[in-house]
Amino acid sequence: MGPAPDRPCFVDTNVIAYAHDANAPTKRATAMDIVEALGVARQGVISTQVLAELYVTLTRAVRPLVDPAEAARLIDDYARQWPVISVTPDIVRDAVRVTASD
């Protein structure tokens, strides 16, 4: 299943991290498919929080997934290629309202 046409899709840190996790090949393949499809469709959206969490996840795990220089390059690549939302208190409140109404 691909992204909904013409709709942005927020991508969580874990999805991007799994796309770079050679220790979990099945999850990596699925995550790579998602990340690539959203990139090609130009529908992937991330936040500043995702970028920060991604660096920590890639470099500070019990078994780091990539070295710090590679993690920094990946952060730069995602920040250049995908829209990045700065998380503000208003965004958090809106998200809470949306999830509370589900």
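The values are calculated or read from the model by the stated rules, or taken from the named source; none is laboratory data. Model, not experiment: these values are computed from the prediction. Neighbour counts are summed over all protein chains in view; Cβ atoms, including those assigned to glycine, are modelled from backbone coordinates with ideal geometry.
On the basis of being of a type in the set (Gly, Ala, Ser), in a helix (DSSP H, G or I) and surrounded by 10 or more Cβ atoms within 10 Å (Cβ to Cβ), does ALA31 make the cut? Don't jump to the end; show me each part of the working.
Details: of a type in the set (Gly, Ala, Ser): yes; in a helix (DSSP H, G or I): yes; surrounded by 10 or more Cβ atoms within 10 Å (Cβ to Cβ): yes.
The answer is yes for ALA31.
Exactly one condition in (1) free of Cβ contacts under 8 Å to residues at least 12 places away in the same chain; (2) surrounded by 15 or more Cβ atoms within 10 Å (Cβ to Cβ) is false for ALA41; which is it?
Of (1) free of Cβ contacts under 8 Å to residues at least 12 places away in the same chain; (2) surrounded by 15 or more Cβ atoms within 10 Å (Cβ to Cβ), only one is false for ALA41: (1).
Among VAL98, VAL40, which is the only one that is closer than 18 Å to VAL11 by Cβ, modelled with pLDDT under 90, in a helix (DSSP H, G or I) and hydrophobic (A, V, I, L, M, F, W, C)? Please lay out each step first, then the result.
Details: VAL40 fails: modelled with pLDDT under 90.
Result of the check over VAL98, VAL40: VAL98.
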